[in-house]
């Protein structure tokens, strides 16, 4: 049953590559936040707006006025 | 001007490619299901086998290929291309590759639709397509891969949502599976022989077959479930943690469960048990997914009540739950003993396919198309109708098939008190099932009608709306923000990334390396016959075998006698692995619509086979086997015989140079012998007809070991 | 809320969903409770971010007017900015107000509101917002102000807190990584060991699988198990044996045995058992490492004090960081602001509320040139003060000079606990057994003595304990957090279960911080004379309500004592007296037979005092609770099996509502300074008592730290709580008894499962001592053992938790995970 050597080594290598992926995902912080992503996908993508109004917050008086 | 680079980037999503795949999904879906209904009819009405190109054996693979690779395949690509862009906040990597992917895939399907009815097939389930098409598949798959990873690389969203992990797993695994199971040695443009033989081929095939189900029908759909279900219900997935967890668990366990398709075969016991154990373990992650999906809808059942799309999803998830529970159960040896080779397995598969894949595809299409076409669905009412008709269809399909499978399984094992088989004549069991098969066909038809309604509804929707081919969006660039940070902050983090890429690369290298290196070595070893009396096929038998393959006999007749009294009683000596060493490919089959043929050789005189092939009901009244008149008209093509023999030699079958040189001569001699035998029984036929070869092969089947006694 | 409001129709603010108290502001035919909310709406509307209102109903938070200019001060700026270059800067803010998807939507779209923001990313669990922005155009102060303008006021953390969070975060990450790898190794080792058990005949495969196991096993022992090596070593150096020692021993022996077997083809070894064990142990570790991101258990006084102060320099006011305060500085303190350092009052009418720092609940009036102590809270108009001591040497902060606060190892994990003590004896016993077995076989059958000893060491490992301990305590910790009772770690929880003495702070813990004036439901207004009559009548009784009425009358300015005749007090009913032949009655509704004012089923609050003058029913005064709701039954219940003490910085007469519950007088101590409290706890523990201290204010900080377990009471997550081992939401205090019981239950579970595991061990040992322990047996026994421990702990705690959930009414906290 030499084929088993091949199948198992292939499967094992596959598994290893998935393990590598897992390690990367943890190291690169993919797993840091496991709450927000689920909600984030529900946000519709922001469509670009032609004229953008820019707001600046004027401290010491509680109005937000356009500049 | 770095500062510029940090401005919000304006870009757009490619909806056109999604639309194309969606349309393809609808069309191929209907086609595939239609063929399904036809073959379902043929199983109780042999007259439905019209011409050799429409005979069951040839179009059954057409059905499986059409629904798996055309319907589900296109659906996957549509879903992936839609969600991938949005999840990564990036346009799909290459427009050209997308086009190539789309048209390439459709070409493959068309080629399949042409070659399979012509009988051009490798006879390996779900991998029937011949080597040139295999190459094309590889090419297209690579294009898909580049497109996907390209998009991942230029993404604007740091986090890879769980769906994307599922997509990645799908891509990698399917690639490997396809490569390993397509090791063929071409003889001509339309014909090749499997490199592996017998048991080994069987193992590879079912390692492939099982994982194809896992990574083509399951993981991509789980991925899509995790994207589309929350979107449809407008609520986050129940537990994102769980989704991540069950992803890793699933992919680690799935790979090992393959051998459960070969229980009681000549596969070593430990390998069989291994398959069983891991199949049982699979319940956990599978149900993890289902529960996560269903719980996402908790507190939204009121929504489900009026939202038909969600109804589709609920049925899909339930189907998934049922199938993934039943699967492990079927892999338990004692259940498998009854269920294997019967309609039970067919029912199992279709619960998965009709509910999980079918219904989720429908839901996604209904959700996707109005969105991309900036309109609402053409008729909400038709969607409702589709849902109910489809659900009823599933019920009408599954229930009779379960009954049928169980009945047949039991009847095969039924002994009389005297200790003889109660239903010694296989046909008795077949006739029992006819009503069930009729109901199944009805169920299938209902399901098909539903699909057609959907097609009408969706095309109407497309016409009333207009497609936003490029959906303009904007997002902050990830790359240069990250890069500048990374460079400055943790300079070492590039270390973290490189090894990963290196590792993967090296793994793939090792993988290919090990294959290239190992295959020749084991090929040579494994073909040392373990049973001295087992001899290679004669040229005529080999040609007969190729016709057997061409006509897809394997889809109704197994060639594997399991070590049960009920089977040895019925068919004779149980199978030994040594008997298959020259079988490129193996022809064990997975379904017994007709009896097993492993010990067919010498059971009946030539004339019986002659008449039986001409008109089965003449020999066994009521038989549902189609007749094969064309075998009596078509001359056997011996132009390739020599090549075939030498090809077999390359694969390690011990033919000597003399045999190769005189292949055709030898063939003709044997043909004439058979003609002579037939003549004795008052049957006139010229020796160069295909039927002769078929008879030769059938009479040889399983006779070698008898020579020992 | 006043109870007759229930029937009124309310106007809800479209933005924040609060009830509009005064006249709502109209904009686009929507109502807003304040101009702030209306402004935010306008802002979102103009930037077409209206989806904000579709994700959730009235998601908004009424914005705060808090100033953040001070963040621009380099000290804060450098602390908060995590990265900065010529193009952009990155900052992380902690925004406690985050609560729903709308928040996510708005906060990740700030770049729409202000184009100087490049990108913003929210971590919902941590309530942390990362913002990439162009500092050249937008200062960090302005950014913070912008955030609080739209309702998300950042909570600025001090350096040490940030460090603490970072550490836990990193270790978590490491653990997840190890867990994944361990799981992978275990799974595959199992896979490669099966063939052995299932009768693998192929020698080649066997060898090959063996080496794969060796490879994976080494990873799982030396990588995923590395902590065990380092910990055990560290403890051995301290001459301590913890539970981890015998576990590690088992692992090492098992591993080395397997290596030997595999290399010399003796068999498959015990790799599957070893890696399985390690995996379960790691799950346990991961499970107990539950940190509540939104809480901090290590706050010291500095995080109670303001970050900045308004100093007068050259006649005008400037903002400087607290740390830059110097002797002689002139400082302005506004209403509700905290005195940053001991100082003398220069000008202004100064009323200081010391309750939080001293426990003294009365508000103290200070005259010019007199000293004000750091930590006091000014109530009333703006005052000007001059600093006379810097923070470290202020009256209050001396407390933190105690070595209890200095000792880093004080109450750390090294604290003796059940697991470790057991671990010690277990190890000793194990060695004894091993030696015994070794000796026996040494004489009887020298061939197998090694085998026997090794088997003993492998099979008899207290892994069960090492697993059930983190699991049952971890589960309990989670359940407690559902009840808004947060523990620092499982060790704290264990100590909590052991206490036999409970010490309560009074003000803010048992009694409420402030007592507001009562709500009055009178059919008619009372004349001055009548008020004085009520005052006089109330003087006669010591009943809490009379005292409150009395106090209230004084506040209203009626304190003229009038002649009273025939005073009478009917215990539990009320009092009455005659003032120039008009009979006045005060008491329960029955007593004055007042008409029903609410639907019958309406909960009759005990704090209601009905008034009747000359058979004319006047109405009632509804006094707010003096004691926290439901603490009386709680104290009563606890009195059965705990010594209860009351420590108060207050004067005795403020505790009238509690006297009945602490029985002995010597158990109630008043006018205790923070230091006294701390000393008192020390004294109790010196007597060998296990003390649990429950307090809320800085004045309890010492006691909380000193006590075996200190529990801080907090009204909500945001409120400052002094360093403690546990934080309990105030409205759950009345369930303290249940929680104590729950923790005890958890410990019981551990001890029982330990006994059970001993049974397993005995079974295993019975094989082991005979010198033939097949890997099969080990491979079956060990996982079953671990798994059953895991299940017992999980199931029993969940069962108990669910039962408890029914008993206590829980207001589930928004922040899960």
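The values are calculated or read from the model by the stated rules, or taken from the named source; none is laboratory data. Given the structure is predicted, the values throughout are model-derived calculations rather than measurements. As a convention, Cβ positions derive from the backbone with ideal geometry for all residues, glycine included, and neighbour counts pool all protein chains shown.
For the stretch B:240-271, a tally of residues being surrounded by fewer than 21 Cβ atoms within 10 Å (Cβ to Cβ), in a helix (DSSP H, G or I) and in contact (Cβ under 8 Å) with a residue 24 or more places away in the chain returns 4.
Table: residues versus (1) in contact with a helix residue (DSSP H, G or I) (Cβ under 8 Å, 6 or more places away or on another chain); (2) in a helix (DSSP H, G or I); (3) more than 14 Å from chain B (Cβ to nearest Cβ); (4) crowded, with 20+ Cβ neighbours inside 10 Å.
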{"position": "C:132", "(1), (2), (3), (4)": "yes, no, no, yes"}
{"position": "C:144", "(1), (2), (3), (4)": "yes, yes, yes, yes"}
{"position": "C:151", "(1), (2), (3), (4)": "yes, no, yes, yes"}
{"position": "C:186", "(1), (2), (3), (4)": "yes, yes, no, yes"}
{"position": "C:194", "(1), (2), (3), (4)": "yes, yes, no, yes"}
{"position": "C:211", "(1), (2), (3), (4)": "yes, yes, yes, no"}
{"position": "C:220", "(1), (2), (3), (4)": "yes, yes, yes, yes"}
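Of note, residue B:89 satisfies the criterion of being at positive phi, touching a residue at least 24 places away in the same chain (Cβ under 8 Å) and touching a strand residue (DSSP E or B) at 6+ places or on another chain (Cβ under 8 Å).
Residue B:98 meets all of the listed conditions (1) away from every other protein chain (no Cβ under 14 Å); (2) farther than 26 Å from residue B:224 by Cβ; (3) surrounded by 19 or more Cβ atoms within 10 Å (Cβ to Cβ) but one, namely (2). Scanning for something within 14 Å of chain A (Cβ to nearest Cβ) and part of a loop (DSSP other than H, G, I, E, B), does the stretch B:9-31 turn up at least one residue? No; the residues of the stretch B:9-31 include none that is within 14 Å of chain A (Cβ to nearest Cβ) and part of a loop (DSSP other than H, G, I, E, B). Considering (1) assigned to a helix (DSSP H, G or I); (2) touching a helix residue (DSSP H, G or I) at 6+ places or on another chain (Cβ under 6 Å); (3) closer than 22 Å to residue C:108 by Cβ, the lone condition that residue C:178 does not fulfil carries the number (3).
Here is a yes/no grid of residues against (1) at pLDDT 95 or above; (2) touching a helix residue (DSSP H, G or I) at 6+ places or on another chain (Cβ under 7 Å):
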site: B:81; (1), (2): yes, yes
site: B:88; (1), (2): no, yes
site: B:95; (1), (2): no, no
site: B:106; (1), (2): yes, yes
site: B:126; (1), (2): no, yes
site: B:129; (1), (2): no, yes
site: B:140; (1), (2): yes, yes
site: B:157; (1), (2): no, yes
site: B:164; (1), (2): no, yes
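Would you call residue B:305 part of a helix (DSSP H, G or I), away from chain C (no Cβ under 14 Å), modelled with pLDDT under 90 and within 28 Å of residue B:382 (Cα to Cα)? Yes. Of all residues in the stretch C:117-130, those satisfying the criterion of being more than 11 Å from chain B (Cβ to nearest Cβ) and surrounded by 21 or more Cβ atoms within 10 Å (Cβ to Cβ) are C:122, C:126, C:127, C:129. Meeting the requirement of 2 or more residues that are closer than 27 Å to residue B:126 by Cβ and touching a residue at least 12 places away in the same chain (Cβ under 8 Å), the helices (runs of 4 or more DSSP H) wholly within the stretch B:550-643 are B:565-571, B:630-633.
Checking each residue of the stretch C:236-250 against the condition of being within 14 Å of chain B (Cβ to nearest Cβ) and assigned to a helix (DSSP H, G or I) gives no match. Out of curiosity, is residue B:127 under 30 Å from residue B:248 (Cβ atoms), buried (at least 22 other Cβ atoms within 10 Å of the Cβ), under 17 Å from the mean Cα position of the chain (by Cα) and more than 12 Å from chain A (Cβ to nearest Cβ)? In short, yes. Would you mention how many residues in the stretch C:87-115 are closer than 22 Å to residue C:76 by Cβ, free of Cβ contacts under 8 Å to residues at least 40 places away in the same chain and within 7 Å of another protein chain (Cβ to nearest Cβ)? Residues meeting the conditions: 1. The condition of being in contact with a strand residue (DSSP E or B) (Cβ under 8 Å, 6 or more places away or on another chain), within 23 Å of residue C:723 (Cβ to Cβ) and modelled with pLDDT under 80 does not hold for residue C:380. As a summary of the residue check, residue C:54 satisfies the conditions (1) within 14 Å of chain B (Cβ to nearest Cβ); (2) closer than 23 Å to residue C:33 by Cβ; (3) in contact with a helix residue (DSSP H, G or I) (Cβ under 6 Å, 6 or more places away or on another chain) except for the one numbered (3).
Residue-level check: of (1) more than 43 Å from the chain's Cα centre (by Cα); (2) at pLDDT below 85, residue C:531 misses just (2). Would you be able to say whether some residue in the stretch B:69-79 is surrounded by 22 or more Cβ atoms within 10 Å (Cβ to Cβ), within 24 Å of residue B:185 (Cβ to Cβ) and away from chain A (no Cβ under 14 Å)? Yes, that holds for at least one residue.
If you go through the stretch A:34-44 and keep only what is under 26 Å from residue C:171 (Cβ atoms) and within 7 Å of chain B (Cβ to nearest Cβ), you end up with A:34, A:35, A:37, A:38. Being modelled with pLDDT under 85, buried (at least 16 other Cβ atoms within 10 Å of the Cβ), more than 11 Å from chain B (Cβ to nearest Cβ) and part of a helix (DSSP H, G or I) is a property that does not hold for residue C:160. In the set (1) at pLDDT 85 or above; (2) assigned to a loop (DSSP other than H, G, I, E, B), the condition left unmet by residue C:684 is number (2). Highlighted here are the helices (runs of 4 or more DSSP H) found entirely within the stretch B:144-236 that include at least 3 residues which are crowded, with 24+ Cβ neighbours inside 10 Å and at the interface with chain A (Cβ under 10 Å from one of its Cβ atoms): B:162-180, B:198-212.
To keep it simple, each residue is scored yes or no on (1) in contact with a strand residue (DSSP E or B) (Cβ under 9 Å, 6 or more places away or on another chain); (2) on the phi > 0 side of the Ramachandran plot; (3) in a helix (DSSP H, G or I).
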residue	(1), (2), (3)
C:724	yes, no, no
C:727	yes, no, no
C:739	yes, no, yes
C:746	no, no, yes
C:751	no, no, yes
C:759	no, no, yes
C:762	no, no, yes
C:767	no, no, yes
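The requirement of being in contact with a strand residue (DSSP E or B) (Cβ under 7 Å, 6 or more places away or on another chain) and either away from chain A (no Cβ under 14 Å) or part of a helix (DSSP H, G or I) (or both) is not satisfied by residue B:134.
Looking across the stretch B:669-696, the residues that are in a helix (DSSP H, G or I), touching a residue at least 12 places away in the same chain (Cβ under 8 Å) and surrounded by fewer than 17 Cβ atoms within 10 Å (Cβ to Cβ) come down to B:672, B:677.
Screening residue B:315 against (1) assigned to a helix (DSSP H, G or I); (2) surrounded by fewer than 24 Cβ atoms within 10 Å (Cβ to Cβ); (3) within 11 Å of another protein chain (Cβ to nearest Cβ) leaves a single unmet condition, (3).
Being within 30 Å of residue B:266 (Cα to Cα) and either in a loop (DSSP other than H, G, I, E, B) or modelled with pLDDT of 80 or more (or both) is the requirement here; does residue A:34 meet it? So residue A:34 fails the test.
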